[in-house]
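Coordinate-derived values only; no laboratory data. These numbers come from a predicted model, not from an experiment. Cβ atoms come from the backbone with ideal geometry, glycine included; neighbour counts cover every protein chain shown.
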């Protein structure tokens, strides 16, 4: 399935700054409000449904058996028509 990037932002920030941005997402998810993403002249507003699919991925990028870049990705996904997906792979725990 082809992918269309609606918004992208990448910047180096402190853990505290990142936590504050993620907290805004958490607050909006809890209240059912839309999530407004803005950077410079780019912006997009998304309204996740009550039960989107939540994907968490940890990766190492680079050659095998040598130091590379580590990443953790958090993704909410849902059909654009407002339906719900059934992405079940076991209950996630984050400690």
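Which parts of the range 1-39 would a label at residue 46 reach, counting a residue when its backbone N lies under 13 Å from a point 7 Å out along Cα-to-Cβ?
4-9, 25-26, 29, 34-38
Using the Kirkwood radius over Cα pairs, work out the Stokes-Einstein diffusion coefficient for the chain at 20 °C and 1.002 mPa s, in µm²/s as a whole number.
Rounded to a whole number, D works out at 134 µm²/s.
If each residue of separation counts as 0.36 nm, what is the full-extension length gain between residue 37 and residue 64 once their alpha-carbon separation is subtracted?
My answer for the length gained is 6.2 nm.
Of 33, 81, 69, which has the largest mean-square fluctuation in a 10 Å C-alpha GNM of the chain?
Residue with maximal mean-square fluctuation among 33, 81, 69: 69.
Using only helices, what value at 222 nm comes out for the chain when you add -39,500 (n - 2.57) per DSSP H run of length 4 or more and divide by the total residues, to the nearest 500 deg cm²/dmol?
Only helices count here, giving -6000 deg cm²/dmol.
Most fluctuating residue of 48, 79, 63 in a GNM of the chain with Cα springs under 10 Å: which is it?
Taking springs between Cα atoms under 10 Å, the residue moving most is 63.
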